[in-house]
1. What's the ranking of 79-88, 237-246 by average number of surrounding C-beta atoms within 10 Å, highest first?
2. Please tell me the relative contact order of the chain in percent, rounded to the nearest whole number, where contacts are Cα pairs under 8 Å and at least six residues apart.
3. Over the range 267-318, with the other protein chains present, what is the accessible area per residue in square angstrom, probe 1.4 angstrom?
4. Mind putting a number on the dipole of the chain about its Cα centre? Charges go on the C-beta only, +1 for Lys and Arg and -1 for Asp and Glu, and I need it in Debye to the nearest 20.
5. Assuming 1.002 mPa s and 20 °C, estimate D for the range 245-381 with Stokes-Einstein, Rh taken as the Kirkwood radius over Cα pairs, in µm²/s.
6. Got a number for carbon plus sulfur as a percent of the chain's accessible area, 1.4 Å probe?
7. Mind grabbing the accessible area of CYS390 for me, 1.4 Å probe, Å², rounded to tens?
8. Could you grab the relative contact order for the range 241-400? Cα pairs under 8 Å, six or more apart, rounded to a whole percent.
Amino acid sequence: MRAVVTVTIKRPPWTLPVIVFAQFAGTSIWFSGNAVLAELMQGWASHSPMAGWITAAVQLGFITGTLIFAMLAVSDRFSPRWVFLLCAVAGALSNLLTGLAGADLSWWLALRFITGFFLAGIYPVGMKIAAGWYQKGLGNALGFLIGALVLGTAFPHLLKGGLSSVPWQTVIVLSSGVCLLGGLSMFLLIPDGPYLATGARFDPMAVIGLFRHRELRAAALGYFGHMWELYTLWAFTPVFLSAYLSSVPGLSRNVSFWSFLVIGIGAVGCSAGGLISARVGSARVAFFQLTVSGICCLLSPLFFSAPPALFLAFMLLWGMTVAGDSPQFSTIVAHTAPQELVGSALTLVNCIGFTITVASLSLMQSISTMIAPQYLLILLAAGPAAGLVCMKSLVKKTRH
């Protein structure tokens, strides 16, 4: 009788830490332009805050890159590790070139678009690499991965806060170097996982199926409301903090450091939400965090007049909840989409969501000179409000 041999796949203990670090490092170029915006504006003719336009350029690049990568099935036809590495190198280079663009706004916008394009080969591909190693427990891993994205987004603000006396180009160079290090660590330390699978061909017509399925539609619309708020809050956090800190005599005005804390604490929300969702379900966690962040939008003018300690605590709560529902929405979409549409649904939902961020950023940028800073962010409440209404039925019926 032939013996039956059971093969146990062993996952190296450093797998998740390295993937999380690589995701953090690779996305550190996402907001590098926003971190040095104050210095750049001194060379621009317009005195209006440019945070919206700079971030919108990155978002448009990311949307374009995501669609092209999906239609060409890049991460299916080639090793995701190679895709991640090459995009990290190209993204670091395009980010580095902004240091040579000086204060030329047109070049800045073009280079930020290119940087966003290559981020499409870092953020989504990093999650695919993780899926190749985590057949079980991917939900928790996703919480850590998107938490790493949040920290990577905030990282340039930390660099700027700690290097306030050096030229802004130093922040650009360092964030590019960190991005390159992330690409190399992923390529050298993480082989293709045993569960790596070739996805189904991307179907642009899946958008029809997206809105045909009730639960998937509810999850997608909830995510769209979340995206209306998320990146615009991140982009305008330095503007909002600067206006508050400048109004309080004797208070430290290290806007970059506080921006890092407010944005970066979202990683805690992502990780904690992932752990809690295993007990109460992703829909409930997303609904709760979207509710809290929406309330923060409405209360932002009130807390603008609060004492510093209370104001900063409020901003940290907002930063934690505004990002913490991101991995839960991705999980809900993956669970509610028909099996044959999962890949296309995730791609389309993400692309539509990031397109909404461009609309939100553009609107906020347009009106930022018309109303006082303390009332600016209240307009973001429309997104969470619409999202909560759309996903209310989902919370009652699902426990993903």
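1. So the order, starting with the most tightly packed, is 79-88, 237-246.
2. 25
3. Here the residues of the range 267-318 average 43 Å² of exposed surface.
4. 1120
5. D = 128 µm²/s.
6. Its accessible area is 69 percent carbon and sulfur atoms.
7. CYS390 has an accessible surface of roughly 50 Å² with all protein chains in place.
8. Dividing the mean separation by the residue count of the range 241-400 yields 35 percent.
The values are calculated or read from the model by the stated rules, or taken from the named source; none is laboratory data. Since the structure is predicted, the reported quantities are computational estimates derived from the model, not experimental observations. FYI the Cβ positions are ideal-geometry reconstructions off the backbone, even for glycines, and counts take in every protein chain you see. Surface areas here come from the heavy atoms of the whole protein model, side chains and all, with no ligands, DNA or RNA. Shrake-Rupley method; radii C 1.70, N 1.55, O 1.52, S 1.80 Å.
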